[in-house]
Amino acid sequence: MALTELQVKQAKPREKDYKLSDGKGMFLLVAKNGSRYWRLKYRHPVTKKERLLALGVYPEVSLKKARQKRDEARQLLSDGIDPSDHRKAQKADSFAAAANTFEALARGWFATRMGDKSVSHRTRTLRLLERDLFPYLGSRPIADITPPEVLAVLKRIEARGAIETAKRAKQTASMVFRFAIAGGYASNDPAAVVGDQLQPTQTQHFPTITDPTDVGKLLIAIDAYHGTPTVRAALKLSPILFCRPGELRALEWAEINWENQRIELPAEKMKTRHPHIIPLPRQAVEILRELQPLTGRSRYVFPSPKGASRCMSENAVRTALRNMGYGNEVITPHGFRAMARTLLDEVLNERVEHIEHQLAHTVKDANGRAYNRTKHLDQRVKMMQRWADYLDELRQQANKENVVTVNFNSR
């Protein structure tokens, strides 16, 4: 006799597992632990061997739902199809389809191709994928995505004013499509043909100060800044070393070679993915030596005030400049690089290749070989000391002019 909902609901566990038949091969298996499972007993349409098909667990699968699944399985049997084999094939197709989606291929690309990138670059790329691309393209089979679909997603990013982000999203999507093509999952890159439809990005130069007199005034303001010792040291080193702000704030004591008076940054910290050497002029060594008793036990030269396990915030130097009256429209932390690039070239007449190597820009020689961290190192050591001495001269000149102005106004 067929089961009733009440019988199923009141089925209690016993010392051993037992079955309650519902007819047509379906039964409820009541386990001794109290669990209740729907099962269908049938014979393979070809081999005639007895097999069991799981139909679900009660109460998640009700008696009515279990009977529907039983009838579907019996229909397959009448068509000569084994329901267990049919289910496995469906799962395989579902798995294959999921593996072919944009998100699956993008995550595969990220795991395979992004391992040697910096932490900040990986974080920014993953955030772009998850925020801007996956919600609209993630579940789509990658081979079915068309250029209009990609363009619609990029236009959505542009609509919120993120022009540069739209460009990066296009480049990232294109790399994912090329990864899929190489693996045989797609035959074309729909992101490659939509570039002309995006708004052009304007080259944005970081604001800086290049007038020698104004540079001297800035240096005096830095000397007079009343902040924490770590921020004051970072401020003083920014114009002297003119490295990228992230390289300075994440500087570790272990990366300072005191014997050779230089900083040795590993490739994974560099934008160019090449190791880099920053010669330390005398003035920089003095600043670091003064700071060492305060933060020398920390991993970082400039630890965060929120905990020595991480480095100073990217906004620390920027905020200090703003508090001194130098807002983003005047100079940014990155602007110290442009300041040095201009004055080293136009005032100190240093060779451009020496400057570019010290800025850790990608420089290729006549044979096409990329940047070498020791290239022109002796000349760069001398250049860095001349630069630090020149900054001292600008500071002294600004101080003299300030004294003359004060004396004149006091008469």
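Descriptive notes on the structure:
- Solvent exposure of Glu130, expressed as accessible area, is near 90 Å², computed with a probe of 1.4 Å over the protein chains only.
- Read-out percent of Cα pairs over 30 Å apart, derived from the coordinates shown; its label in (1) 51; (2) 55; (3) 63: (3)
- Distance violations [Cα-Cα > 20 Å] among Lys48/Lys91; Lys19/Lys69; Lys41/Lys65; Lys19/Lys65; Lys271/Lys375: Lys48/Lys91
- With a Förster radius of 60 Å applied to the C-beta separation of Arg273 and Glu5, the computed FRET efficiency comes to 0.35.
- Cα centroid separation - the stretch 208-248 against the stretch 29-82, whole Å: 75
- Accessible-area value, Thr210, 1.4 Å probe, nucleic acids and ligands omitted, Å²: 60
- For the set Leu154, Leu77, Leu294, the ranking by accessible area, highest first and with no ligand, DNA or RNA atoms included, is Leu294, Leu77, Leu154 under a 1.4 Å probe.
- Think of the chain as a dipole: +1 on every Lys or Arg Cβ, -1 on every Asp or Glu Cβ, centred on the Cα centre; then among Phe177, Ala250, Gly296, Phe177 lies furthest on the positive end.
- Of the residues Val381, Leu29, Phe110, the one whose Cα sits farthest toward the positive end of the charge dipole of the chain, with +1 on the Cβ of Lys and Arg and -1 on the Cβ of Asp and Glu, is Leu29.
- Candidates Glu255, Glu50, Glu353: whichever shows maximal mean-square fluctuation once the chain is modelled as a Gaussian network with Cα springs under 10 Å: Glu50
- The apolar share of the surface of the chain, taken as the fraction of accessible area on carbon and sulfur atoms (1.4 Å probe, ligands and nucleic acids excluded), comes to 50 percent.
- Label-point separation in nm, Arg160 to Trp253, each point 7 Å along Cα→Cβ: 4.2
- Point-charge dipole on Cβ atoms (K/R +1, D/E -1) for the chain, about Cα centre, debye to 20: 2540
- Comparing Glu15, Glu314, Glu158 in a Gaussian network model of the chain where C-alpha atoms under 10 Å apart are linked, the largest mean-square fluctuation is found at Glu15.
- Sequence of Arg124, Arg14 from largest to smallest accessible area, 1.4 Å probe: Arg14, Arg124
- Taking the Cα atoms of the stretch 5-45, the ratio Rg/Rh between the radius of gyration and the Kirkwood radius comes to 1.02.
- Largest accessible area first, the listed residues Ser313, Ser187 line up as Ser187, Ser313 when surface is computed with a 1.4 Å probe on the assembled protein chains.
- Only protein heavy atoms count here; under a 1.4 Å probe, Asp196 has an accessible surface of about 150 Å².
- The Rg/Rh ratio of the stretch 17-157, with Rg taken over Cα atoms and Rh as the Kirkwood radius over Cα pairs, comes to 1.21.
- For a straight C-alpha distance cut-off of 14 angstrom, the aspartates and glutamates reachable from Lys155 (same-chain residues fewer than eight places away being disregarded) are Asp132, Glu164, Asp196.
- Linear extension gain, Glu60 paired with Arg282, 0.36 nm per residue minus alpha-carbon span: 72.5 nm
- Think of the chain as a dipole: +1 on every Lys or Arg Cβ, -1 on every Asp or Glu Cβ, centred on the Cα centre; then among Pro207, Thr101, Leu391, Thr101 lies furthest on the positive end.
- Global dimensions of the stretch 266-363 from alpha-carbon coordinates: Rg and Dmax equal 15.8, 43 Å.
The values are calculated or read from the model by the stated rules, or taken from the named source; none is laboratory data. Note that the structure is predicted; figures quoted are calculated from it, not measured. Please note: Cβ atoms are built from the backbone with ideal geometry, for glycine as well, and neighbour counts cover all protein chains shown. Each accessible area value is taken on the protein alone, full model and side chains, heavy atoms only, with ligands, DNA and RNA left out. Shrake-Rupley method; radii C 1.70, N 1.55, O 1.52, S 1.80 Å.
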